[in-house]
1. With each label point set 7 Å from Cα along the Cα-Cβ vector, what nm distance links residue 145 and residue 348?
2. Mind giving me the nanometre distance, one decimal, between the label points for residue 19 and residue 192, set 7 Å out from Cα along Cα→Cβ?
3. Distance from the Cα centre of segment 307-341 to that of segment 24-75, in angstrom?
4. Order the peptides 318-326, 231-239 from the highest to the lowest mean number of other Cβ atoms within 10 Å of their residues.
5. Compute the length gained on full extension between residue 275 and residue 234: take 0.36 nm times their separation in residues and subtract their Cα-Cα distance, giving the result in nm to one decimal.
6. Given R₀ = 25 Å, what would the calculated FRET efficiency be for residue 71 paired with residue 115, taking r from the Cβ atoms and rounding to 0.05?
7. Using a 7 Å offset from the Cα along the Cα-to-Cβ direction at both residue 63 and residue 45, what is the distance between the two label points in nm, to one decimal?
8. If r is the Cβ-Cβ distance from residue 249 to residue 340 and R0 is 22 Å, what FRET efficiency results, to the nearest 0.05?
Amino acid sequence: MLPSSHSGPIDGAPSRRTLANGHLADAFSSFIAAADKLEHSHSRLHDEVVHLRTLLEDRNRALASSLAENERMRLTVHQILDGLPCGVAVVDTNRQQIVLLNPEAHRLLEIPTDRPPVWGDVPARIRTMLDAGSGQAWKEGDEQDFSFEQSDKVRWVTVRYSMMTEGNSTAGESDKAVCTRVILTCRDTTISKEAEQERETSRNAVALAEMATVLAHEIRNPLGSLELFAGLLATDAGLNEDSKQCIQHLQAGVRSLSAVVNNVLRFHSSGTSNLLPTRLAEALRSAVNFVQPLARQSKITLTSRLSLGEIEIAADAGELQQVILNLVCNALRHTPVGGVITLSGAVEPRGGQQVAIVEVGDTGRGIRPEDLPHIFEPGFSTSRQSPGLGLTVCQRIVEQHGSAITVRSEIGKGTVFHMEFAVL
């Protein structure tokens, strides 16, 4: 038998093992608990990652949709700008750059389209206005008119100034607006400018017509008295040849001035002719006698060849005389000394009725083909001696007599004015 002194250690060994096993069990339990926690955390992390991934995918889809919408909006804005009837230009005045130009702005500001635009392409007068240091700078909403010279006309463009501002304020500071870019809205106002100029011209023409009419009325009465006194002097049998010549010159001058005054009054008058049965031959002979002093003064032969008999037409004798006077005066200006002016009248059958043909012809220089379409236009004249109303008045009077006046001419051989009147 072993000694009893060895019985203690042998009896204590199971207790130590039990204690170790207990610690190991506790450690294992802790490990299992930690593993469970780690697994639970991993599961939560996985769920969080899935959730974040879902959110990120949603955000990415929303961002892609937003980018697509922005692109659609950008294209829409560009299409709107390109389709606008006015020009839109965005410029950076600080950097002196052109940021945006739509096609109409290219056209109105005459900026080339075959290359990227540069600051120097902006018209100099607009650049000057954009320069704050020039003393001519624009203010918000200002509009300026600019003219662009072209080969055959002037084009007007109205430019409106607007500022693009950026908020540059922080908490505790007052709002500040810094102008970085400027919008220039351009409109082609050529038509409105031309209409305004035409209205102004019309107003001036009306005022001038009123003044001319008043003056003509004031002059006509003294002219009538001068004509009467000259006629009385011409019948004085005691006049010598020199005095007779002076009176003829006086009569010619008075009648020439009378023609101008009557043309002014007739041109600006809106009245109609007072048509009465008139013996055409007598009216034409009276007109020739009235204008004869002018022909003699110009040393041109004025003759008449009338085979009208006693026919009558519906006419105003005074206005017929004005027509003949105007046509003869026109011929005198274009017929050299020694030339001939002929007034002819004849009756011809036309469509079952008789028509009186009246012509005034001359042996003058003739009318150029390019001038023929314009000779009846008011103010048109190839001579500085005429205000260009005589033939216009002739046309109006003849048309009010239910007829028309035509012309045929040959350079170097002369001109013939042709009129037809219905016989009563």
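What follows draws every value from the coordinates through simple rules; no lab data is involved. All of these numbers come straight from a predicted model, not from anything done at the bench. Every residue, glycine among them, receives a Cβ derived from its backbone with ideal geometry; neighbour counts consider all protein chains shown.
1. With each label point 7 Å from Cα toward Cβ, the separation is 5.4 nm.
2. Using points 7 Å along Cα→Cβ, the separation is 10.8 nm.
3. With segment 307-341 and segment 24-75 each reduced to a Cα centre, they are spaced 111 Å.
4. 318-326, 231-239
5. 11.5 nm
6. According to the calculation, E is roughly 0.45.
7. With each label placed 7 Å out from Cα toward Cβ, I get 2.5 nm.
8. Efficiency at R0 = 22 Å is approximately 0.55.
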